[in-house]
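Structure, as structure tokens:
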Amino acid sequence: MSSDAGGGITSGYILDRVTVQPGRLGEYRERVAREYLPQALERGMTLVGSWIEPPLELQDESNDLYLLWSFPEFWSMRRQSREQGAAAWWEDSADLTVSRERLFLAAAELEAP
Amino acid sequence: MIRQVAMLHLREGADGEALEAFEAAMAGAHEALGARRSHLGRHIEGSVGGGDYTWDLLFDEAPEGDAAALVAAAPALAPYFGDGPQGVVAQIDAVRFEPQYGELPEPGIRDFVKRTLFLRVEDGAEAEALARFERELMGMPRYIASIRNWACGRTDPALQATQWTHVWEQEYQSVEGLTVDYMVSPYHWGVVDGWFDMERPQRIVSPLLAHVYCPAASSILGWTEEA
């Protein structure tokens, strides 16, 4: 965690859940890797991992793509997102998706008894 | 009671004695306008989108005419808002509203910082999303202790035409309460900011904002409790 002040932190995780149009998962993943990922890395984000659900690509139905990112400092990332016009990428790729949500997470470790 | 909050944008090059005369005249603005209270605060560096001053007024009843007409009809103030040699204010960006939500746990706060945010919820935002946005916005004081007093409300375009839909105001004992505590709170960036962030699908607030803060000697948000 970074920037402690009054109990505050500005580092954390982002979980993107994107419901992809049937048959477009490969194309969408390729666009994420080629277009979104490089700019996200420039903003200080790290792609922790990506997953699909259910755990195989469906033929005629949607898969959900999960992208888990970490970021070291929220406001720096946010400012660069605005400067890079990151929102436009989501709009440009929206024809490949059905819906999406973006969740912000903080680590909450569990210890085994 | 009606509150008017205005952001004043200065003419380019307005400075020195002209501003001193303007600020002196504005100290008596409430008397010149028939208002109960007034306060003029010069913006602190870091303010964005709201010009140079925050001008707060409290009226017992809605005044006649919009903010520009009001000052134009007040001889003690009009020259500073006009095109003449004393003119220093280029634009008045004002909202009016009846006081709505807020809390005043520290009415005696002194020598502090008042922050004002004008924002616009996009046309077409769903009522459920709007209600949740307002609830989460007004939840901030529960998680950010540096917010000593606060007020939040929808603007009333029948009282003053404006592009802004909401006013979110806070009083902090020090500027760090805003620039540090408010900014590093995960409730801010992890909950409330989603309504503002262009990358997040839940966004309903226009990216055009007026975020300003100014020094004040005694509580402005407490006026409505005194009245």
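Quick rundown of the values:
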{"item": "Every residue from the range A:91-110 that is in contact (Cβ under 8 Å) with a residue 60 or more places away in the chain, within 11 Å of chain B (Cβ to nearest Cβ) and not in a strand (DSSP E or B)", "result": "A:Ala106"}
{"item": "B:Gly51 being outside any helix (DSSP H, G or I) and closer than 19 Å to B:Pro85 by Cα", "result": "no"}
{"item": "Residue list for the range B:1-31, filter: of a type in the set (Gly, Ala, Ser) and either surrounded by fewer than 14 Cβ atoms within 10 Å (Cβ to Cβ) or closer than 28 Å to B:Thr165 by Cα (or both)", "result": "B:Ala6, B:Gly13, B:Gly16, B:Ala24, B:Ala27, B:Gly28, B:Ala29"}
{"item": "B:Leu159 vs. criteria within 17 Å of the chain's Cα centre (by Cα), within 14 Å of another protein chain (Cβ to nearest Cβ), at pLDDT 95 or above and assigned to a loop (DSSP other than H, G, I, E, B)", "result": "no"}
{"item": "Meets criteria (among the acidic types (Asp, Glu), under 18 Å from the mean Cα position of the chain (by Cα) and surrounded by fewer than 14 Cβ atoms within 10 Å (Cβ to Cβ)) for B:Glu61", "result": "no"}
{"item": "From B:Pro85, B:Pro107, B:Pro141, B:Pro99, residue being within 15 Å of the chain's Cα centre (by Cα), surrounded by fewer than 21 Cβ atoms within 10 Å (Cβ to Cβ) and outside any strand (DSSP E or B)", "result": "B:Pro99"}
{"item": "Odd one out for B:Leu209, checked against (1) surrounded by fewer than 20 Cβ atoms within 10 Å (Cβ to Cβ); (2) more than 14 Å from the chain's Cα centre (by Cα)", "result": "(2)"}
{"item": "Complete set of residues in the range B:162-208 that are of a type in the set (Lys, Arg) and either more than 12 Å from chain A (Cβ to nearest Cβ) or under 24 Å from B:Gln100 (Cα atoms) (or both)", "result": "B:Arg203"}
{"item": "Some residue of the range B:151-165 being closer than 30 Å to A:Arg17 by Cβ and either touching a strand residue (DSSP E or B) at 6+ places or on another chain (Cβ under 9 Å) or buried (at least 20 other Cβ atoms within 10 Å of the Cβ) (or both)", "result": "yes"}
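A quick yes/no check of all residues on (1) of a type in the set (D, E, K, R); (2) within 14 Å of chain B (Cβ to nearest Cβ); (3) part of a helix (DSSP H, G or I); (4) under 19 Å from B:Phe196 (Cα atoms):
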position	(1), (2), (3), (4)
A:Thr19	no, yes, no, no
A:Tyr36	no, yes, yes, no
A:Ser70	no, yes, no, no
A:Trp89	no, yes, yes, yes
A:Ala112	no, no, no, no
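The values are calculated or read from the model by the stated rules, or taken from the named source; none is laboratory data. The shown structure was predicted, so the numbers you read here are calculated from the model rather than taken from an experiment. A quick note on method: Cβ atoms are made from the backbone with ideal geometry, for glycine too, and the neighbour counts reach across all protein chains shown.
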